[in-house]
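Here is the structure we will look at.
The values are calculated or read from the model by the stated rules, or taken from the named source; none is laboratory data. The model shown is predicted, which means the values in this text are computed figures rather than measured ones. All Cβ positions, even for glycine, are placed from backbone atoms using ideal geometry, and neighbour counts span all protein chains on display.
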Amino acid sequence: MLPTVADVVAMPAVRRGGPRVVAGAGGLSRRVRWVHSAEVSDIARLLRGGDLVLTTGIALPSDDTRLAAYVADLVAAGASGLIVELGRRWSDQLPTAMVDACEKAGLPLIAWAREVRFARVTEAVGELVVDAQLSELRAAERIHRTFTALSVAGAEPAEILAEVRRICGLPVVLESTRHHILAFDAGDDDAGELLAGWEQRSRAVTPAERTAYDEAAGWLVTVVGARGDDWGRLILPCPEPPPHHLVVLAERGASTLALQRLAARDRESLERQTHRTLLTALAAGGTPTRELLTRCPAAGLPLTGRLLVGLVAVPAGVATSTHHVLATEERLRDLTEITASTLRAAGTAALVAVIDDDAVLALLSLPTSVDPISTVDHLAGLIHRAAQAAPRPLPILVAAGAAVGHVPSVRRTLSEARHVASAALRTPGAGQVSCHRLENVRLRGLIQLLRDDDRLAAFAERELAPLVAHDEEHGTSFMDILRAHVEHGGHKSHAAAAVHLSRPAFYERLARIEQILGMDVTAPESLTSLHVALLARDAHAVEYG
């Protein structure tokens, strides 16, 4: 870093003159870019800012007004300070007008009591400045090499932020254009203190330049993204105006993040990745960590004093053949953005991400003053309409879990929404319901909630194992016949029509199924047991699709 006026005053070459700070002591931290010795009164027009002026004062004006104007010109030119050697023009003290003008402007005014060789001072300070400039250049070059390597290696945002943090020793935050935190690296600093009230604080910082230091906030801010497609800001909380290499660091970090996003534009957006990470942690259950409780509000999801509702949106009739995998992925990406933008436009705080490559999962944060059922139904209707109005219209199914009021219970509402969605996909007439809940899916919903219970799997195995084994061994399709029979409530003629068989042929196959299973499949209890077993088998076969 460039030396300060205080650093220059402490140098041996300057100390030889017995320097004494006469005025403007508050400006001793100003940086010195160079040293100029000049006796003329109009030197200000030749300065470039950050210059320290040395003079004996022999050619300076004698009246107070012009002395004050001389100081004002130095201040306007950005001079870092003024050193006056006593003995030639002024014997033991400087004029009051000069002292008052420097004190008022905060311009350091130093008096030398003894004669000093100006050339020696200029040389000594010049060497110090050049060394600092070379150090800045070397630091900037190291930064360029480091972030070029990260770009080539395809580093993830967390790695890029960690490197920024390592180099500068300061916390670093990446936020979206809506001032929601996408990622951060607090290092040894308190993350809670760093992120507290983030959105409000961030909205107050609006620099005019793409990279700027906001002195009031103590933030070095640089925009992330290409012009016309800016998507975030990289922020380094910095207690004092940053040196050049720190500005270079922020800009190279931002450009590396922008390149990483361009390289990953066909994958999930960084915001979706952040939301998915948080949703995964919340769905895991257990006692939430302090970091999780901090990151959710920072990402735009308040947790305290709110109603939390799990929501799942699924493209209806998702194709399961490998030929349509890419089309399915595209529909899910479209549905994710439709869901996120619809909730955002409705003013609803939410985390939204794709889960299990099959469905879009959201966690809504609602005020406690609203009715969660009617509110979620309204939002589901908005999502349906937005999906139908998309450039590629999407028929979808939306399901919701019950509202919970505590973070440890979030797992229940997310899990319930997922199970309801899976059951609703197999429920006749599902498309007529705007938002499915447990009461809409009835028995299928119960089976989905119990799908991970080993006892349910064992029950389905006992009921259907002989018929499954027969189909596999002989290449028959008796399971399809049984399913048609069960789904039509034992009405044989309707079931026969559904599988395109004549009634005699259907009766013959049904009789064979009874022999294999060893039961009367027309009895009401048998129909119920077989129906539950088939639903359980379906639930374990695949969750969505």
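Looking across the stretch 188-212, the residues that are in a loop (DSSP other than H, G, I, E, B), in contact (Cβ under 8 Å) with a residue 12 or more places away in the chain, within 19 Å of Pro242 (Cα to Cα) and of a type outside the set (D, E, K, R) come down to Val205, Pro207.
Look through Val116, Val130 and report the one residue that is free of Cβ contacts under 8 Å to residues at least 60 places away in the same chain and more than 25 Å from Val224 (Cβ to Cβ). First the steps, then the outcome.
Values: Val116 fails: free of Cβ contacts under 8 Å to residues at least 60 places away in the same chain.
None of the other options fit; the residue is Val130.
Here is a check on your reading of the model: is Gly429 surrounded by fewer than 19 Cβ atoms within 10 Å (Cβ to Cβ) and modelled with pLDDT of 90 or more? No, not satisfied.
Screening Val376 with (1) surrounded by 20 or more Cβ atoms within 10 Å (Cβ to Cβ); (2) free of Cβ contacts under 8 Å to residues at least 60 places away in the same chain; (3) among the β-branched types (Val, Ile, Thr) gives one miss only, at (2).
Screening Val75 on (1) under 27 Å from Val247 (Cα atoms); (2) among the β-branched types (Val, Ile, Thr); (3) at pLDDT below 90 shows it passes everything except condition (3). Residues that are under 42 Å from the mean Cα position of the chain (by Cα), at least 2 per element: which helices (runs of 4 or more DSSP H) completely within the stretch 1-85 meet that? Correct list: 5-9. Under the condition of being under 16 Å from Ala400 (Cα atoms) and touching a strand residue (DSSP E or B) at 6+ places or on another chain (Cβ under 7 Å), the residues counted in the stretch 359-378 number 11. May I ask you to list the residues in the stretch 490-511 that are part of a loop (DSSP other than H, G, I, E, B) and not hydrophobic (A, V, I, L, M, F, W, C)? Gly490, His491, His500, Ser502 - these are the residues of the stretch 490-511 that are part of a loop (DSSP other than H, G, I, E, B) and not hydrophobic (A, V, I, L, M, F, W, C). Just one residue in the set Ala183, Ala196, Ala153 is of a type in the set (Gly, Ala, Ser), closer than 22 Å to Thr256 by Cβ and out of contact with any strand residue (DSSP E or B) (no Cβ under 8 Å at 6 or more places or on another chain); that residue is Ala153. Each residue in the stretch 166-211 was checked for being among the polar types (S, T, N, Q) and farther than 24 Å from Leu301 by Cβ, and 2 pass. The set of residues in the stretch 362-389 that are of a type outside the set (Ser, Thr, Tyr) and closer than 15 Å to Ala299 by Cβ comprises Ala362, Leu363, Leu364.
Here is a yes/no grid of residues against (1) of a type in the set (Val, Ile, Thr); (2) outside any helix (DSSP H, G or I); (3) modelled with pLDDT under 85; (4) more than 15 Å from the chain's Cα centre (by Cα):
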residue	(1), (2), (3), (4)
Leu246	no, no, no, yes
Arg252	no, no, no, yes
Thr256	yes, no, no, yes
Arg276	no, no, no, no
Ala281	no, no, no, yes
Gly286	no, yes, yes, yes
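Take the conditions surrounded by fewer than 22 Cβ atoms within 10 Å (Cβ to Cβ), modelled with pLDDT under 90 and either in contact with a Lys or Arg (Cβ under 6 Å, 6 or more places away or on another chain) or not assigned by TED's automatic domain parsing to the domain that holds Ala423 (or both) and apply them to Thr328. Does it pass? In short, no. Against the test of being farther than 14 Å from Val172 by Cα and within 18 Å of the chain's Cα centre (by Cα), the options Leu236, Leu270 yield a single qualifying residue, Leu270.
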